[in-house]
Amino acid sequence: MTEQTVFLNGDYVPISKAKVSVLDRGFIFGDGVYEVIPVYGGKLFRFEEHMQRLQDSLDAIRLSNPYTLDEWQNLLSRLLPEEKQFDHSIYLQLTRGVAPRDHSFPVETQPTVFAMANRLPRPDPIWLKQGVEAVTLQDNRWLHCNIKSIALLANVLLRQQAMDQQAMEAILIRDSVVTEGAASNVFIVQNGTVKTPVKDHHLLPGITRDLIVELARDNGLACEECQIPESALLEADEVWLSSSTKEILPVTLLNQQPVGTGKPGPIWQKMYTIFQEYKDGLRQSA
Ligand code: PDD
């Protein structure tokens with residue numbers, strides 16, 4: 001099997017040859033941002049939205065974007081195989097580059113730019129049939145969660161805490177209000193209305209989340225972006241998680257209690273179907 005090729009600072013190199021200095025500020029400080037972009041049938045999913053979020057993250061950390069939209073598109077497309085049979089996800093990361101260790105920004109340092117494409121496995125059919133388990137945990141992260149920062153230690157610890165309790169995701173609560181999952185956004189269904197937290201600095205503005213809101217409205221489902229108290233989450237008829245790699249997953253067990261009937265709900269089923277149709281449309285697009 002030939003070795004995976006990745007992009008690093010303008011070059012395409014075998015992954016084992018892609019090396020970054022120990023003084024890279026991503027390594028030393030977690031000083032960087034990233035994106036994860038699904039690719040269906042060779043087509044980048046919501047590419048412009050992902051690039052806009054990348055730009056917002058870069059602006060927030062005051063790092064300039066080294067490439068135009070077209071340059072990014074060409075650069076990333078070269079990482080994808082010719083055959084379009086499998087789905088992929090592109091991971092890309094920019095850091096503030098290599099410099100002597102000092103908290104303040106280095107002057108005239110080039111950012112480190114890295115990107116790779118990996119096969120994107122379909123969500124496990126058992127998750128779709130039975131739903132997944134989640135637990136609520138206190139959101140102890142910083143107050144810039146809208147930035148897609150590579151500094152994910154808090155998210156890593158929260159996800160692991162959930163896994164230690166046999167749950168797949170931690171649903172985070174700050175001041176008795178739902179924010180998001182450790183690596184996903186959260187939706188609830190309450191009396192037939194789909195609800196998700198308003199976008200602000202407490203959560204990542206998920207690309208999948210935004211598409212779900214758009215598709216729900218286009219398809220005549222009641223959908224609100226609003227504050228979700230923890231109590232509403234715990235009493236919801238349905239709870240869903242969304243992300244680029246997990247699509248939309250129904251949570252059927254929350255803090256070891258069944259959500260609604262304890263089975264994936266009818267509105268999730270409808271939304272899931274609409275989402276798959278959207279993906280198929282992208283695959284077949286010119
Ligand atoms: N994470 N919130 C957090 C904290 C996330 O890390 C993610 C995704 C999301 C969902 O965003 P999107 O729909 O744009 O993927 C929400 C990615 C997949 C990751 O870190 O691998």
Hey, if you drop one equal point scatterer on each alpha-carbon of region 194-285 and run the Debye formula without solvent, what base-10 log of I(q)/I(0) do you get at q = 0.11, 0.19, 0.21 Å⁻¹?
-0.32, -0.96, -1.16
Karplus 3J(HN,Hα) series, Hz, for region 198-213 with 6.51 cos²θ - 1.76 cosθ + 1.60 (x for Gly, Pro):
5, 6, 7, 6, 8, 8, 6, x, x, 5, 5, 3, 4, 5, 4, 4
Please compute the alpha carbon radius of gyration of region 35-110, then divide it by the globular-protein estimate 2.2 N^0.38 Å. Two decimals is fine.
1.30
Rounded to the nearest Å, what's the spacing between the alpha carbon centres of region 24-88 and region 90-123? Just the number, please.
11
Divide by every residue of the chain the summed helix terms, -39500 (n - 2.57) for each DSSP H run of at least 4, and state the resulting mean residue ellipticity at 222 nm, rounded to the nearest 500 deg cm²/dmol.
-8500 deg cm²/dmol
Show me, for region 234-249, the HN-Hα J-couplings you get by feeding each phi into the Karplus relation (A = 6.51, B = -1.76, C = 1.60, θ = phi - 60°), rounded to Hz, glycine and proline as x.
5, 9, 5, 6, 9, 10, 10, 10, 9, 6, 4, 9, 10, 6, 10, 10
Got a sec to turn the phi values of region 31-42 into Karplus ³J(HN,Hα) couplings, 6.51 cos²θ - 1.76 cosθ + 1.60 with θ = phi - 60°, whole Hz, x for Gly and Pro?
8, x, 9, 8, 9, 10, 10, x, 10, 10, x, x
Alpha-carbon Rg with Dmax, taken over region 73-125, Å:
16.5, 50
Residues whose built amide H sits under 5 Å from the amide H of Asp139, excluding neighbours closer than 5 in sequence, are Ile173, Arg174
Among Leu215, Leu234, Ser244, whose Cα projects farthest towards the positive end of the dipole of region 190-249, with charges put on the beta-carbon of Lys, Arg (+1) and Asp, Glu (-1)?
Ser244
Students often get this wrong, so check it: of Lys17/Lys148; Lys84/Lys129; Lys19/Lys84; Lys19/Lys279; Lys84/Lys148; Lys43/Lys148, which have C-alpha atoms separated by over 32 Å?
Lys19/Lys279
Can you tell me, using C-alpha contacts under 8 Å and at least 6 residues apart, the relative contact order of the chain as a whole percent?
18
Equivalent ellipsoid semi-axes, region 125-285, via Cα gyration tensor eigenvalues times 5, rooted, Å:
23, 18, 16
Longest exposed-site-free window of the chain, the sites being GluC sites (Glu not before Pro) in a DSSP loop that have at most 14 other C-beta atoms within 10 Å:
109-234
Once the chain is represented by equal point scatterers at the alpha-carbon sites, with solvent omitted, what log10 I(q)/I(0) does the Debye formula produce at q = 0.06, 0.11, 0.13, 0.15 Å⁻¹?
-0.20, -0.68, -0.94, -1.21
Charge dipole (debye, nearest 20) of the chain; +1 at Cβ of Lys and Arg, -1 at Cβ of Asp and Glu:
460
Normalised convex hull volume, region 65-206, alpha-carbon set, Å³ per residue:
186
Region 1-79: C-alpha gyration tensor shape, a/c 1.5 cut-off, then a/b vs b/c:
oblate
Could you give the size of the charge dipole of region 125-285 about its Cα centre, using +1 on the Cβ of each K and R and -1 on the Cβ of each D and E, expressed in debye and rounded to the nearest 20?
360
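Computed from the coordinates by the stated procedures, all read-outs in this text should not be read as laboratory data. Given the structure is predicted, the values throughout are model-derived calculations rather than measurements. Counting neighbours? That spans all protein chains shown, and the Cβs are built from the backbone with ideal geometry, glycine included.
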